[in-house]
1. What number, in percent, do you get for the relative contact order of the chain if the mean sequence gap of Cα pairs under 8 Å and at least 6 apart is divided by its residue count?
2. Given a 1.4 angstrom probe, I'd like the percentage of the accessible area of the chain that is carbon and sulfur, rounded to a whole number.
3. Highest GNM mean-square fluctuation, the chain, Cα pairs closer than 10 Å: which of Ala23, Ala32, Ala56?
4. For n ≥ 4 DSSP H runs only, could you compute -39500 (n - 2.57) per run for the chain, divide by its residues and tell me the 222 nm figure to the nearest 500?
5. Which of the following values of Rg/Rh (Cα atoms, Kirkwood Rh) was calculated from the structure shown: (1) 1.22; (2) 1.09; (3) 1.05?
6. Over the chain, average the accessible area per residue using a 1.4 Å probe and give it in Å², no decimals.
7. Using a Gaussian network model of the chain whose springs link C-alpha atoms within less than 10 Å, name the residue from Arg14, Arg63, Arg54 with the highest mean-square fluctuation.
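The values are calculated or read from the model by the stated rules, or taken from the named source; none is laboratory data. From a predicted model like this one, the values you see are computed outputs, not experimental measurements. Ligands, DNA and RNA are excluded from the accessible area calculation, which covers all protein heavy atoms including side chains. Shrake-Rupley method; radii C 1.70, N 1.55, O 1.52, S 1.80 Å.
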Amino acid sequence: MNIHKNARLTPLRRAEMAIAVLAGSLTKTQAASVYAVSVKIVSRWVERFEQGGRAAMIDRSSRPQTSPRQTDQALAQRI
């Protein structure tokens, strides 16, 4: 498994946290404290877990889908 070098949580711990919040064992604020992340991050992982289960807990690429200012392919070939 390739974990992002700055990730505080592994996919397993993210799922564990989301399940605890959804089950009512922890509030988002408590989960943020226990797992040493922000409430915003807890909310993000809970939402992703609701949408896709454990499969949604993996790291996603931060690369943009499009690049509107990308150099034209013909110019790139000339360069």
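1. Value for the chain: 30 percent.
2. Roughly 49 percent, rounded to a whole number.
3. Ala23
4. -15500 deg cm²/dmol
5. Comparing each candidate, only (1) matches the computed number.
6. That works out to 80 Å² for each residue.
7. Looking only at Arg14, Arg63, Arg54, the biggest GNM fluctuation is shown by Arg63.
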